[in-house]
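**Q** Supplied in structure tokens, the structure appears directly below.
The values are calculated or read from the model by the stated rules, or taken from the named source; none is laboratory data. This structure is a prediction, so every number in the text was calculated from the model and none was measured. FYI the Cβ positions are ideal-geometry reconstructions off the backbone, even for glycines, and counts take in every protein chain you see.
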Amino acid sequence: MAKTLTQKILEGHLVAGEYEPGKEIGIRIDQTLTQDATGTMAYLQLEAMGLDKVKTDNSVSFVDHNTIQIGFENADDHRYLQTVAAKYGIDYSRAGNGICHQVHLERFGKPGTTLLGADSHTPTGGGVGQIAIGAGGLDVALAMAGEPFFLTCPRVIKINLTGKLEPWVSAKDVILKILGIFTTKGNVGCVFEYGGAGAETLTVPERATITNMGTECGVTTSIFPSDEETRKFLRAQAREGDWQELTADPGAEYFKVVDINLSELVPMTATPHSPGNISAVKDLEGMEVNQVCVGSCTNSSYRDLMVVAKTLKGKKVHPNVSFILAPGSKQVVDMLARNGALADLIETGVRLEENTCGFCIGNSQSPQTDAVSLRTSNRNFLARSGTKSAQVYLVSPETAAAAVITGKITDPRDLGMPYPKVDTPDEFIIDDSMILSPSDDPRGVEIYRGPNIGAPPANDPLPETVTGVVTIKVGDNTTTDHIIPAGSKMKYRSNVPKYSEFLFEVLDPEFYTRAREIKDSGRHNIIVGGLSYGQGSSREHAALCPMHMGVKAVLTKSFERIHTANLINFGIVPATFKDEGDYDTIDRDDRLEIPDIREKIRRGEPLVVKNITKGVEFEVDCDLSERARDILLAGGMLSYIKTKRDDE
């Protein structure tokens with residue numbers, strides 16, 4: 001039977017279940033990655049498992065999020081991460097070496113392998129033909145311990161690309177077009193598999209941009225074939241030995257096929273406050289711009305920054321624009337410095353940032369009040385930039401460069417200049433000195449623990465009955481940024497009690513006080529949400545902190561994949577309304593009761609929710625695999641593992 005590329009790789013890594021879309025499977029993980037905002041808790045969880053060494057082929061700990069280091073907390077975490085990596089057999093990419101996804105693509109990504117990353121944009125690896133999946137830190141810790149990663153066997157959607165991109169139209173416009181087709185919700189349990197003659201015209205960095213931002217559609221991952229273009233990229237990285245040809249079989253059947261003619265695409269933008277709000281740049285031309293930020297894991301490759309440098313060569317930044325550039329890696333900076341492009345950018349008037357996530361996560365360069373900010377990053381959620389009133393537009397490097405010159409949103413095709421030609425280098429500059437190898441004497445490594453680092457919080461088994469209060473009711477498309485912020489608050493991620501104080505602060509600054517009072521009174525907290533609850537980042541703290549605050553159930557119209565897994569991992573019941581109209585009958589502060597919840601979950605039956613305040617009741621579904629039910633009943637993954645070991 002003809003097979004998709006996705007099926008070939010997943011079947012080759014299958015250790016539990018059978019390849020049947022919609023059913024749970026367990027796969028072997030070859031590689032893992034963490035970044036410092038998710039890594040500290042992941043490695044604390046790994047330590048709790050009592051291992052001597054990780055069991056993957058390759059695991060890498062990157063430092064790319066909290067690099068500003070205001071206060072001692074971040075520096076302490078980084079030292080902890082370095083010592084843990086040395087002790088447990090993990091490569092450590094130091095602060096300044098680059099963004100995890102860019103560096104991993106350059107130095108570690110390998111066609112045909114599986115990569116699990118504690119960051120939602122891990123699917124960047126699909127640009128080299130890798131099944132790369134984002135997950136919560138606990139799932140990544142389990143993978144490092146040699147445990148399978150469990151997921152729903154995906155339905156594969158083929159994105160059939162034809163034609164070739166026109167000048168000033170880029171890979172970012174491709175994925176924005178796809179977001180316009182698929183939106184940010186309704187794609188859970190699917191994989192985007194790219195193919196067609198148009199795919200062959202795209203370089204690996206362009207493919208990586210597309211697979212990176214496919215995350216915003218909510219798919220499990222995205223993947224391109226591994227072909228001669230992949231080989232060319234790996235050869236330039238001195239890693240041709242990692243290459244293998246990988247394609248779908250002719251005649252392979254797909255859940256759905258969507259045709260996109262690259263030749264027909266135009267410059268696009270995602271307007272505030274969602275990556276799914278898609279518009280043509282032409283329709284917004286003339287809007288004044290206050291800030292332009294180029295970089296992030298989506299658009300910080302050598303190719304991207306060379307296009308910007310060549311576009312801006314000999315020009316100056318518009319007086320009303322603050323122009324920020326954050327290269328994706330040290331390798332990219334080295335390349336730009338040695339060919340003169342960096343000097344050209346400096347002469348233009350750029351504000352050069354560190355090779356980190358920075359502005360993308362609201363950790364620096366927050367725009368002015370009511371600003372219009374054009375960014376090449378992947379998310380423009382409300383307040384993510386650090387300025388709640390700012391209007392953030394997601395654009396290509398080409399459109400960003402045009403605004404730097406004109407001070408306005410400008411279709412780059414209207415610049416009246418030749419499109420810069422950028423070829424993939426025959427050889428990239430290879431310098432891995434900022435990637436530290438594990439210690440040859442792990443027993444002699446003493447793990448550093450600063451005062452901000454605490455043990456992973458424990459949880460009790462799920463009670464027989466949940467009796468609680470609706471602490472907050474939110475609408476559709478509630479993101480993990482809404483649940484628990486990034487930015488300057490990330491330094492508390494290894495201190496869950498402190499970090500929990502910022503839960504839902506963007507939507508309801510009084511949430512923490514109300515939740516604490518409910519918890520202290522002996523009742524449970526319950527969250528009610530709309531469609532696509534938990535979209536965005538993989539941050540497990542969006543479940544871990546609610547668990548700490550006594551949240552036992554989240555009732556929504558629908559969930560996103562990673563957040564559902566995180567809720568289960570921390571013993572919080574993810575339930576969906578059988579009748580979405582029941583959402584409208586609930587108000588904040590309503591008292592709810594879910595009786596016999598343990599027994600009903602054990603049997604896989606719908607749960608009955610009694611609204612004591614309104615005097616009504618309704619049903620919600622909690623459709624889980626047997627394994628997920630056992631984890632939930634135990635009170636979360638760590639309790640489940642401990643119980644299994646005690647039984648053995």
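**Q** Inspect segment 409-416 for any residue being surrounded by 24 or more Cβ atoms within 10 Å (Cβ to Cβ), modelled with pLDDT of 95 or more and under 30 Å from residue 85 (Cα atoms) and give the result as yes or no.
**A** no
**Q** Name the single residue that is nearest to residue 386 (Cα to Cα) among those in segment 469-520 being at pLDDT 95 or above and of a type in the set (Gly, Ala, Ser).
**A** Taking the candidates together, the pick is 500.
**Q** Which of the residues spanning segment 143-187 are closer than 25 Å to residue 395 by Cβ and in a helix (DSSP H, G or I)?
**A** Once the filter is applied, which keeps residues that are closer than 25 Å to residue 395 by Cβ and in a helix (DSSP H, G or I), segment 143-187 yields 171, 172, 173, 174, 175, 176, 177, 178, 179, 180, 181, 182.
**Q** List the helices (runs of 4 or more DSSP H) inside segment 1-97, counting only whole elements, that have at least 3 residues being out of contact with any strand residue (DSSP E or B) (no Cβ under 8 Å at 6 or more places or on another chain) and crowded, with 19+ Cβ neighbours inside 10 Å.
**A** It comes to 36-48, 73-88.
**Q** Looking at 226, 263, which one is surrounded by fewer than 18 Cβ atoms within 10 Å (Cβ to Cβ) and over 19 Å from the mean Cα position of the chain (by Cα)?
**A** Being surrounded by fewer than 18 Cβ atoms within 10 Å (Cβ to Cβ) and over 19 Å from the mean Cα position of the chain (by Cα) holds for just one of 226, 263, which is 263.
**Q** For the subset of segment 168-188 comprising residues that are of a type outside the set (Val, Ile, Thr) and in contact with a helix residue (DSSP H, G or I) (Cβ under 7 Å, 6 or more places away or on another chain), which member is modelled with the lowest pLDDT?
**A** 187
**Q** Now for a different question. Name the residues in segment 187-204 that are under 18 Å from the mean Cα position of the chain (by Cα) and in contact (Cβ under 8 Å) with a residue 60 or more places away in the chain, would you?
**A** Within segment 187-204, 188, 189, 190, 191 qualify.
**Q** Taking the options 599, 593, 617, name whichever one is over 33 Å from the mean Cα position of the chain (by Cα) and part of a helix (DSSP H, G or I).
**A** On inspection, the qualifying residue turns out to be 599.
**Q** Hey, another quick one. With the requirement that a residue be assigned to a loop (DSSP other than H, G, I, E, B) and among the acidic types (Asp, Glu), what does segment 457-486 give you?
**A** 460, 464, 476 - these are the residues of segment 457-486 that are assigned to a loop (DSSP other than H, G, I, E, B) and among the acidic types (Asp, Glu).
**Q** Sticking with this one: Considering only residues that are part of a loop (DSSP other than H, G, I, E, B) and in contact (Cβ under 8 Å) with a residue 60 or more places away in the chain, look in segment 317-353 and name the one that is surrounded by the most Cβ atoms within 10 Å (Cβ to Cβ).
**A** 328
**Q** What is the one condition in (1) more than 30 Å from residue 149 (Cβ to Cβ); (2) surrounded by 19 or more Cβ atoms within 10 Å (Cβ to Cβ) that residue 622 does not satisfy?
**A** (1)
**Q** Being among the polar types (S, T, N, Q) and part of a helix (DSSP H, G or I) is the filter here; which residues of segment 213-257 pass it?
**A** 215, 230
**Q** Being touching a helix residue (DSSP H, G or I) at 6+ places or on another chain (Cβ under 9 Å), surrounded by 15 or more Cβ atoms within 10 Å (Cβ to Cβ) and either in the same structural domain as residue 633 (by TED's automatic domain parsing) or at pLDDT 95 or above (or both): is that true of residue 571 here?
**A** Taking the combined requirement at face value, the residue satisfies it.
**Q** When the residues of segment 444-480 are filtered to those that are among the small types (Gly, Ala, Ser) and closer than 23 Å to residue 601 by Cα, which remaining residue is surrounded by the most Cβ atoms within 10 Å (Cβ to Cβ)?
**A** Result: 468.
**Q** Let me ask you something else. I'd like to verify a number: residues in segment 51-88 that are modelled with pLDDT under 95, closer than 18 Å to residue 356 by Cα and hydrophobic (A, V, I, L, M, F, W, C), how many?
**A** 3
**Q** Quick test of your reading of the structure: residue 454 fulfils all but one of (1) under 27 Å from the mean Cα position of the chain (by Cα); (2) among the small types (Gly, Ala, Ser); (3) not in a loop (DSSP other than H, G, I, E, B). Name the failing condition by number.
**A** All conditions are met except number (3).
**Q** Could you tell me how many of the residues in segment 511-543 are in a loop (DSSP other than H, G, I, E, B) and over 25 Å from the mean Cα position of the chain (by Cα)?
**A** 3
**Q** Moving on. Return a yes/no flag: does segment 102-118 have any residue that is in contact (Cβ under 8 Å) with a residue 24 or more places away in the chain, among the charged types (D, E, K, R) and within 24 Å of residue 44 (Cβ to Cβ).
**A** no
**Q** How about segment 415-471: which of its residues are in contact with an Asp or Glu (Cβ under 8 Å, 6 or more places away or on another chain), acidic (Asp, Glu) and farther than 30 Å from residue 229 by Cβ?
**A** The answer is 464, and nothing else.
**Q** Is it true that residue 98 is modelled with pLDDT of 95 or more and closer than 22 Å to residue 10 by Cα?
**A** The answer is no for residue 98.
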